[in-house]
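J.: My questions will all concern the structure given below.
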There are 2 protein chains.
Amino acid sequence: MANYFITYSYLYHQKDMLEDHVRTGAYFNACMRNKAQFKDRVVLDVGTGSGILAIFAAKAGAKKVYAVEATSMAQHARELVDAQGLSKVVEVIQGTIESVTLPEKVDIIISEWMGYFLLRESMLDSVLVARDKFLKPDGALYPSHARMFLAPIRSQLTQNRFQECSNSVENWHDFVADMKEYYDVDLNCLTESFIEEQQDYFVKTATWADVHPNQLLGPPVCFASLDLLTVTQDEIKKALEANYSMHLPQMCTVEGLAGFFDVEFKGSPSNPATDCVLLSTAPSATGATHWGQLIFSLQPGIPCPQNSTIEGKIDITRRGDNHRLLDVTLSEQALRMGENNRKDLAKYLFHIE
Amino acid sequence: MANYFITYSYLYHQKDMLEDHVRTGAYFNACMRNKAQFKDRVVLDVGTGSGILAIFAAKAGAKKVYAVEATSMAQHARELVDAQGLSKVVEVIQGTIESVTLPEKVDIIISEWMGYFLLRESMLDSVLVARDKFLKPDGALYPSHARMFLAPIRSQLTQNRFQECSNSVENWHDFVADMKEYYDVDLNCLTESFIEEQQDYFVKTATWADVHPNQLLGPPVCFASLDLLTVTQDEIKKALEANYSMHLPQMCTVEGLAGFFDVEFKGSPSNPATDCVLLSTAPSATGATHWGQLIFSLQPGIPCPQNSTIEGKIDITRRGDNHRLLDVTLSEQALRMGENNRKDLAKYLFHIE
């Protein structure tokens, strides 16, 4: 089995996701507050894991739920379904969504496919495959919409990562000196490559964080919005490109951008939800979901005067060596401080590991 | 590229290995104290990484060194070789040993192939492939011999892991209660599987440790000895089976067994080393090598009277799902306390991850 799936075959990891009650609660509410939409419908759960969403759908009144899971977790999902007395409604099928067949088309596809910064893991691919293979023309996706955000923040974490990088490089110099002294081998020719490698790791890799709303230096901006019913497989496989413009009301130093997402459960035009549930991963005073926010470090920080704006362009591309990982580029960045006062900023490259 | 190799493509990881000076120093001495053996010889370094062993061999007088490396680290090895002015002697070849060809047979194969508990990673396979493909009939392997040891120990670590496992299971029960309360879903049917999974992780997975000699409750026993010049590829791919008998001179409670290894650089019968270097990973008061020792937990501990013996049989097999990982079984274990006083002990299964 591909490496990607292995994590999901552990109950420990399933527990981690289940006890993210912002996440699990949102799916629970999306089902339970929209029983009219689920009643007597046929549902498909893509990547059911422990089977929880399939169980919610069944409890909301679905007449049949196909719960597809690639890993051996399918066995546990089956046990869990049985224990709830739902084995007549929920059918757990072990296999990838790309390989399974279903005896009928479905009214609703429910799936928790979101990765860090929404798109990491590229599991949306599989949901769209499922949609195009199995969803009736008037069917609905749960969730139905997704949005991506960036927000300017101050962050001790970005300073720390910067510092850790310096420490590591200092330590390298000691190491090089030792190697020369002990073995008469000069490793200095690798110093530049080592520094690059460490910067990649400490500074150019987006960092998971639980950002507090007070760290926000301006309002988050939505730079991408996906209608999951209509977005095509080709569209999401291409680079996502968008412009952003972030307002900084106060004088401040922007040390990083926090990236996060939300998804909405609106049903479909022909079967709209009664109660539209929102699952947000925005910075919150009550703490982050398991997705947290991803911080893109702008260390040593961009000093911004009152009432200025940071503009730029974000590109999100899949990594050539692993399509489930992402590269993020912030380019054409500029700081605008009034009508004709524009200062170019550096270009930044980040990995999402 | 297979996942296995990825770690080795980072300088950070190469540094970790290089600054293990017990390791690097042993190879340095094995070369420098045996210059007569290296002088004007042709050498092959299997998995050269940063190129350090190839450089040692060249400095010891080899007329030609082929340095084979599967990862992109080969590029750095080339830079390092150039920087030492050795590019006429050392030829870095990127590729797996199974796929490369050399223009000639070699006199010496040097390689640092040892994994945790000697055999993890199964890289010895590649060294034996190299030996059978490229080594002259009277050639030598550096190292030439390897031995594996077990020692009875007391260990707070095994107690801690045991405790962590209990804590995790307790936490699971709270989680199950929450899931019932919040979503009316009963996860109790998965409790047994969760406990098994956690025991696998916390108790049945061998743990890296830096064991202090004072933790030893009796002398280490050597249970396996490999002559790398003669052992066959088939032999090392089969399960390694051996008996052991560990003497406990004092009354004590054996809480775990520490597994470790050493390798010796004796040259070959036709080209023996002048100075036989030993690289040992045994518990040491000056701290562990990066291999440490692997602890197999026998919690809650085996109470042993003075002058008793723990006997048993160890089986080491490769994992079906990943041949670079190992399963270790301790079976037919018994505590012998005098002529006719023998008490059977439990059977233990461990993973080496």
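What follows is calculated from the coordinates using simple rules that are stated; it is not laboratory data. Just so it is clear, the model here is predicted, and its values are computed rather than measured. Virtual Cβ from ideal backbone geometry, glycine too; neighbours counted across all protein chains shown.
J.: Output the antiparallel fraction of DSSP beta bridges having both residues in chain B, as a percent to the nearest 5.
T.: 75
J.: Let me ask something else. What ³J(HN,Hα) values, in whole Hz, does the Karplus curve 6.51 cos²θ - 1.76 cosθ + 1.60 give for the stretch A:149-158 when θ = phi - 60°, with x put for Gly and Pro?
T.: Those phi angles translate into 10, 10, 9, x, 9, 9, 7, 4, 4, 5 Hz.
J.: Moving on. Go through the stretch A:171-176 residue by residue and turn each phi into a ³J(HN,Hα) via Karplus (6.51, -1.76, 1.60, θ = phi - 60°); whole Hz please, and just put x for glycine and proline.
T.: 4, 4, 4, 4, 4, 4
J.: Taking a label point 7 Å from the Cα of A:ASP138 along the Cα→Cβ vector, which residues of the stretch A:1-36 have an amide N closer than 17 Å to it?
T.: Under cut-off, by backbone N: A:36.
J.: Next question. In what order do B:VAL65, B:VAL169, B:VAL203 fall by count of nearby beta-carbon atoms within 10 Å, going from fewest to most?
T.: Sorted ascending by nearby Cβ count, the order is B:VAL169, B:VAL203, B:VAL65.
J.: Another question, then. If you take each beta carbon of peptide B:173-186 and count the beta carbons of other chains within 10 angstrom, what is the mean?
T.: 4
J.: Rg and Dmax of the stretch A:293-353, using alpha carbons, in Å: what are they?
T.: 14.0, 43
J.: Next question. Let me check I have the definition right: for the stretch A:213-353, take the eigenvalues of the Cα gyration tensor, multiply each by 5, take square roots. What are those semi-axes in whole Å, largest first?
T.: 29, 20, 16
J.: In Å, what Kirkwood hydrodynamic radius results for the stretch B:179-257 from the alpha-carbon pair distances?
T.: Taking every pair of different Cα atoms in the stretch B:179-257, averaging 1/r and inverting gives 17.8 Å.
J.: Which value in Å does the Kirkwood hydrodynamic radius of the protein assembly as shown take, with 1/r averaged over all unlike C-alpha pairs and then inverted?
T.: 29.2
J.: Quick check: the angle from helix A:124-134's long axis to the longest principal axis of chain A, C-alpha only, nearest 10 degrees?
T.: Helix A:124-134 and the main axis of chain A meet at about 20 degrees.
J.: If amide H atoms are built 1.01 Å from N in the plane of the peptide, which residues on other chains or at least 5 residues away come under 5 Å of the amide H of A:LEU298?
T.: Correct list: A:GLY256, A:LEU257.
J.: Further question on the same structure: How large is the translational diffusion coefficient of chain A in µm² per second when you combine the Kirkwood radius over alpha carbon pairs with Stokes-Einstein at 37 °C and 0.692 mPa s?
T.: This corresponds to a translational diffusion coefficient of 148 µm²/s.
J.: Where is the GNM fluctuation largest for chain B (alpha-carbon springs, 10 angstrom cutoff): B:SER168, B:SER280, B:SER268?
T.: Largest GNM mean-square fluctuation: B:SER168.
J.: Using the basic label-point model (7 angstrom from Cα toward the beta carbon), what is the B:ASP275 to A:LYS105 distance in nanometres?
T.: 8.1
J.: Report, by chain and number, residues whose modeled amide H sits under 5 Å from the one on A:TRP208, excluding near sequence neighbours (fewer than 5 apart, same chain).
T.: Counting only residues 5 or more places away or on other chains, the set is A:ILE295.
J.: Tell me the relative contact order for the stretch B:99-210 as a rounded percent, counting alpha carbon contacts under 8 Å between residues six or more apart.
T.: 22
J.: I want to verify the translational diffusion coefficient of the stretch A:72-155 in µm²/s; compute it with Stokes-Einstein, Rh as the Kirkwood radius over Cα pairs, at 25 °C and 0.890 mPa s.
T.: Result for D is 162 µm²/s.
J.: May I ask you to report, in nm to one decimal and beginning with the shortest, the distances from B:SER166 to the same position in the other copies, taking label points 7 Å along Cα-to-Cβ?
T.: 4.6
J.: If you don't mind, another one. Please determine, in degrees from 0 to 90 and to the nearest 10, the orientation of helix B:73-83 with respect to the longest principal axis defined by the Cα atoms of chain B, where the helix direction is its Cα long axis.
T.: Between the helix axis and the principal axis of chain B, the angle is about 40 degrees.
J.: Could you tell me the distance between the Cα centroids of the stretch B:313-334 and the stretch A:290-316, to the nearest Å?
T.: Answer, in whole Å: 51.
J.: Once you've got the GNM for chain B with C-alpha springs shorter than 10 Å, pick whichever of B:CYS189, B:CYS222, B:CYS276 has the biggest mean-square fluctuation.
T.: For chain B, modelled as a Gaussian network with Cα springs under 10 Å, the answer is B:CYS189.
J.: Now for a different question. Hey, for A:THR286 with labels 7 Å out along Cα-Cβ, what do the inter-copy distances come to in nm, ordered shortest first?
T.: When each copy's label point is compared with this one, the spacings are 5.7 nm.
J.: Let me ask something additional. Please compute, for peptide B:130-143, the average count of beta-carbon atoms on other protein chains lying within 10 Å of each residue's beta-carbon.
T.: Average neighbour count from other chains, rounded to a whole number: 0.
J.: Karplus couplings for the stretch A:237-246 from phi (6.51 cos²θ - 1.76 cosθ + 1.60, θ = phi - 60°), rounded to Hz, Gly and Pro as x?
T.: 7, 6, 5, 8, 10, 7, 9, 9, 8, 10
J.: Also, I was wondering about something else. So the label point sits 7 Å from Cα along the Cα-to-Cβ vector; using that for B:GLU104, what distances do you get to the other copies, in nanometres, sorted shortest first?
T.: 7.6
J.: Also, I was wondering about something else. Per the Kirkwood treatment, what hydrodynamic radius in Å, one decimal, follows for the stretch B:89-246 from the mean inverse distance over all distinct Cα pairs?
T.: With all distinct Cα pairs of the stretch B:89-246 included, I get 20.2 Å.
J.: Still on this model: State which entries of A:LYS88/A:LYS133; A:LYS15/B:LYS343; B:LYS15/B:LYS266; A:LYS59/B:LYS204; A:LYS343/B:LYS15 exceed 29 angstrom in Cα-Cα distance in the structure shown.
T.: In this structure, A:LYS15/B:LYS343; A:LYS59/B:LYS204; A:LYS343/B:LYS15 lie more than 29 Å apart at Cα.
J.: Using modelled backbone amide H atoms (1.01 Å from N, in-plane), which distant-in-sequence or interchain residues come within less than 5 Å of B:ARG120's amide H?
T.: For B:ARG120, the qualifying residues are B:GLY115.
J.: Further, regarding this structure: Partner chain Cβ atoms within 10 Å, averaged over the residues of A:188-196 - can you pull that number for me?
T.: Shielding by partners across A:188-196 averages 4.
J.: Find the centroid of the Cα atoms in the stretch B:65-113 and in the stretch A:15-50, then give the distance between the two in whole Å.
T.: 55
J.: While we're on this one: Between A:MET337 and B:LYS180, what is the spin-label point distance in nm, taking each point 7 Å from the Cα along the Cα→C-beta axis?
T.: Output for this residue pair reads 6.2 nm.
J.: On to the next question. Over the stretch A:4-131, what number does the Rg to Rh ratio reach, with both radii from the alpha-carbon atoms and Rh per Kirkwood?
T.: Value, to two decimals: 0.93.
J.: If you don't mind, another one. Given the options A:ASN214, A:ASN171, A:ASN340, which has the most mean-square fluctuation in a GNM of chain A, springs set between C-alpha atoms less than 10 angstrom apart?
T.: Judging by the Gaussian network model, the answer is A:ASN340.
J.: Hey, got a sec? Which trypsin sites (Lys or Arg not before Pro) in the stretch B:48-143 land in a DSSP loop and have at most 15 other Cβ atoms within 10 Å?
T.: Counting only loop positions with at most 15 other Cβ atoms within 10 Å, the trypsin sites (Lys or Arg not before Pro) in the stretch B:48-143 are B:LYS63, B:LYS88, B:LYS105.
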